[in-house]
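Quick notes on the structure that follows.
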Amino acid sequence: MGQYKRKIKKGTRWFYSGQYLGQKYHSKAIYLTKGECAKAERERLKELDAQARNPVNDIKLKVLMEDRLDEIKAKKSKDYYRENHRYFKRVLAEFGDIYVSELSKSMANALLIKEANRLKRTKKSNFKVNSMLRALKALFNYGNKIYDLDLRNPFNLDFYPIDINLKYIPPAEHIEAVKAECTDKQRLLIEFVDETGCRIMEAVRFKYSDIDGDLITLWTRKSRNSNLTPRRIPKPDCITEIGKGKVFPYGVLPRFLERKIVKLNLPVFSWHNLRHRRASLWANAGMSLFEISHRLGHTNLKTTQGYLQLLGYSKS
């Protein structure tokens, strides 16, 4: 153990460094006097001694978060990584870098209430609160699994209620008005999503090599940590050409849709609303629930039933 001084831009500062029971420890050069530094070192040694006498299988919150983010970065999407990083920063700002065992259910619940009230003031729903809850619940489950912490998950709490509204279905005239403002490739992308009911990322991945006669293959990830899964559906009428590579090149960015709608002062709709529109048209045409489920790429029929109920349909 010992105290040492170091010259920095702000002047001379003191830091401590040493070893206790084979464990190295040190501080930053932040102390103004040697006496202040020695006092801080004694407090640190008391902590190390207490941990040695009463060992607890515990880690700091920041260490757990960094390890979890490393796993997410390796296994999952960039969006999921950024989302979790944002939630973790929120927790650290609220509680600091405490030991994970110190975070109680009451603290976790207070954080979620605070976030729900913040969203309520901006007239937003609880989707983001529930998203944060899932991320933080997964964080502590990860800690218990990887580090054998055997701690009660403080985020094992109920999800917040969400108001479910009927989904907006853009009428054909609004879609045609948007298409009139588009380039040929942009117009084709709108028609492709509208006719197939596919997810926008399935359209972005679509290649000419995925065309096989009267069928096409769409590729999607069923979850953030899964492999690409193929789905074969009838070829839409809008696909008439044969080529190489992606049907929709990099220059056809999906974000153009929102800009066109705002320019035309139309009710806002997204790519996913076109997917809802196609599901409603299939339901009106009498298509079976099983076939609608397959074309939409749902993993089970219950998902499709709930989907159609959001559109104002009840189909069995």
message: Consider the stretch 99-124. How many of its residues are part of a loop (DSSP other than H, G, I, E, B) and either over 18 Å from Lys89 (Cβ atoms) or within 20 Å of the chain's Cα centre (by Cα) (or both)?
response: 4
task: Kindly indicate whether any position in the stretch 209-232 is assigned to a loop (DSSP other than H, G, I, E, B) and either surrounded by 16 or more Cβ atoms within 10 Å (Cβ to Cβ) or among the β-branched types (Val, Ile, Thr) (or both).
output: no
message: When you scan the stretch 154-161, do you find a residue that is surrounded by 12 or more Cβ atoms within 10 Å (Cβ to Cβ) and touching an Asp or Glu at 6+ places or on another chain (Cβ under 8 Å), even just one?
response: no
statement: Heads up, the helices (runs of 4 or more DSSP H) in the stretch 19-96 (entirely inside) with at least 3 residues that are within 23 Å of the chain's Cα centre (by Cα) are 61-75, 78-95
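Does Arg278 satisfy the criteria of being within 19 Å of Glu202 (Cα to Cα), of a type in the set (D, E, K, R) and modelled with pLDDT under 90?
Details: within 19 Å of Glu202 (Cα to Cα): yes; of a type in the set (D, E, K, R): yes; modelled with pLDDT under 90: no.
No, not satisfied.
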- line: Quick count over the stretch 125-137, residues being of a type outside the set (Lys, Arg), in a helix (DSSP H, G or I) and free of Cβ contacts under 8 Å to residues at least 40 places away in the same chain, is 4
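May I ask you to list the residues in the stretch 40-57 that are of a type in the set (D, E, K, R) and loosely packed, with under 14 Cβ neighbours inside 10 Å? Step through it out loud before you land on a result.
Here is the first cut: in the stretch 40-57, the residues of a type in the set (D, E, K, R) are 41-44, 46-47, 49, 53.
Those that are of a type in the set (D, E, K, R) and loosely packed, with under 14 Cβ neighbours inside 10 Å: Arg42, Glu43, Lys46, Glu47, Asp49, Arg53.
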task: Would you check if Ile98 is of a type in the set (Val, Ile, Thr), in contact (Cβ under 8 Å) with a residue 12 or more places away in the chain, surrounded by fewer than 17 Cβ atoms within 10 Å (Cβ to Cβ) and in the same structural domain as Glu71 (by TED's automatic domain parsing)?
output: yes
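From the list Glu181, Glu258, exactly one residue is among the charged types (D, E, K, R), assigned to a helix (DSSP H, G or I) and farther than 22 Å from Leu301 by Cα. Which is it? Write out each step before concluding.
Numbers: Glu181 fails: assigned to a helix (DSSP H, G or I).
It is Glu258.
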message: Step by step: first the residues of the stretch 72-95, then only those that are at pLDDT 95 or above and under 20 Å from Ile146 (Cα atoms), then the one that is surrounded by the most Cβ atoms within 10 Å (Cβ to Cβ). Which residue is that?
response: Asn84
task: Scan (1) farther than 24 Å from Ile98 by Cβ; (2) surrounded by fewer than 11 Cβ atoms within 10 Å (Cβ to Cβ) for the single condition Gln23 breaks and write down its number.
output: (1)
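Does Leu69 satisfy being in contact with a His (Cβ under 7 Å, 6 or more places away or on another chain) and either surrounded by 11 or more Cβ atoms within 10 Å (Cβ to Cβ) or at pLDDT 95 or above (or both)? Break it down into steps so the answer makes sense when it comes.
Values: in contact with a His (Cβ under 7 Å, 6 or more places away or on another chain): yes; either surrounded by 11 or more Cβ atoms within 10 Å (Cβ to Cβ) or at pLDDT 95 or above (or both): yes.
So Leu69 passes the test.
The values are calculated or read from the model by the stated rules, or taken from the named source; none is laboratory data. None of these values were measured; they are calculated from a predicted model. Note that we place each Cβ from the backbone using ideal geometry, even for glycine, and neighbour counts take in every protein chain shown.
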